[in-house]
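Only one structure is covered here, and it is reproduced in the block below.
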Amino acid sequence: MKKVKLFLIKSLVAVFVCFSMIACNESSEKVTFYDMHPVSRFERGSLRTMMTHNSGRNVNKFELYENDTLTCTADVLYRADGIICTLNDIQYHIQPDNVLGATRVRMVKASKGGALYYEAEYFYINERIGYVKVNAPGIPESPFQVNFSYEDSRLTIQEPGGHYSIDLSNEENTGYACNVLGYVNAPLTNQYVINPELYFLNIYGKPVDKLPGGHEIIRSGKTLRVGTHTYEYRD
């Protein structure tokens with residue numbers, strides 16, 4: 001009798017595990033992994049970001065400079081509940097989307113001085129950011145939504161205050177190092193949606209594969225310059 005009960009218990013456990021695995025796989029969307037070439041230095045105007053990487057090519061440390069003065073040193077912590085990083089007194093908690101094949105952001109919660117600075121929830125269409133819902137206490141537009149539109153040769157961002165667009169060049173975004181969305185110069189997007197440092201964590205889904213148009217593009221060895229922005233690849 002004891003053997004029968006033990007057999008039934010093991011069978012029930014096996015069925016539970018099986019259904020749990022099926023449910024997990026069904027609820028997780030499989031997405032493409034886009035391999036970003038590690039960048040060790042990023043400069044824009046008087047600002048410079050230096051990055052180091054772990055053996056898995058993920059950024060594990062930032063150093064921020066302004067006019068050659070070190071203003072911030074930040075470790076990047078990869079935890080079970082997401083990625084934690086504090087830049088210029090703002091702590092970012094990046095919660096991952098429920099996908100297989102890559103790490104991409106579902107929610108960013110940013111806090112400053114122990115209070116909520118903003119939170120942004122990301123929604124994807126064809127693996128690219130389709131729209132983002134933002135709650136930023138302290139600004140009149142909050143809460144608000146930012147919409148992204150991708151064409152073969154043009155990007156458009158719609159946010160409170162207007163539409164912002166940029167034409168794309170024929171040059172490839174080699175290694176996906178260039179944050180093309182940042183060149184659209186949509187102010188709320190650049191402050192609350194696509195953080196220029198967090199971009200290098202490779203968390204924003206499918207990158208734009210062409211460099212922005214209207215900017216001088218110079219390639220020299222490990223260095224890519226797009227307008228006033230410079231990207232230096234790691235060895």
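The values are calculated or read from the model by the stated rules, or taken from the named source; none is laboratory data. The structure displayed is predicted, hence computed values, not measured ones. FYI the Cβ positions are ideal-geometry reconstructions off the backbone, even for glycines, and counts take in every protein chain you see. With ligands, DNA and RNA removed, areas are computed over all heavy atoms of the protein, side chains included. Shrake-Rupley method; radii C 1.70, N 1.55, O 1.52, S 1.80 Å.
Only helices enter the 222 nm calculation for the chain: every DSSP H run of n ≥ 4 contributes -39,500 (n - 2.57), and dividing by all residues gives -4500 deg cm²/dmol, rounded to 500. Protein heavy-atom accessible surface, 1.4 Å probe, per residue over the chain: 55 Å². Projected label points at R57 and T156, each 7 Å from Cα along the beta carbon direction, are separated by 3.4 nanometres. Using a Gaussian network model of the chain in which every pair of alpha carbons under 10 angstrom is joined by a spring, one finds that among S220, S169, S28 the greatest mean-square fluctuation is at S220. Measuring r between the beta carbons of S28 and D235 and using R0 = 41 Å, the FRET efficiency lands at 0.75. Scanning the chain for trypsin sites (Lys or Arg not before Pro) in DSSP loops with at most 16 neighbouring Cβ atoms within 10 Å leaves 58-221 as the longest stretch between them.
Inter-label distance, N170 to L47: 3.3 nm, where each label sits 7 Å from its Cα along the C-beta direction. Phi angles across segment 43-50 convert, under the Karplus curve 6.51 cos²θ - 1.76 cosθ + 1.60 with θ = phi - 60°, into 3J(HN,Hα) values of 10, 9, x, 8, 9, 9, 10, 10 Hz, Gly and Pro given as x.
Remark: the S142-R219 segment gains 23.7 nm on full extension, using 0.36 nm per residue and subtracting the alpha carbon distance. Taking amide H positions as modeled 1.01 Å from N, with prolines and chain starts lacking one, the residues under 5 Å from D97 and 5 or more places away or on another chain are R104, V105, R106. Percent of Cα pairs in the chain per distance bin of 5 Å, from zero to the largest separation: 1, 6, 12, 16, 18, 16, 12, 6, 3, 3, 2, 2, 1, 1, 1, 0, 0. Only protein atoms count toward the accessible area here, which uses a 1.4 Å probe; on segment 132-235, the carbon and sulfur part of that area reaches 43 percent. Listed by chain and number, the aspartates and glutamates whose C-alpha is less than 15 Å from the C-alpha of K30, apart from same-chain residues fewer than 8 away, are D97, E127.
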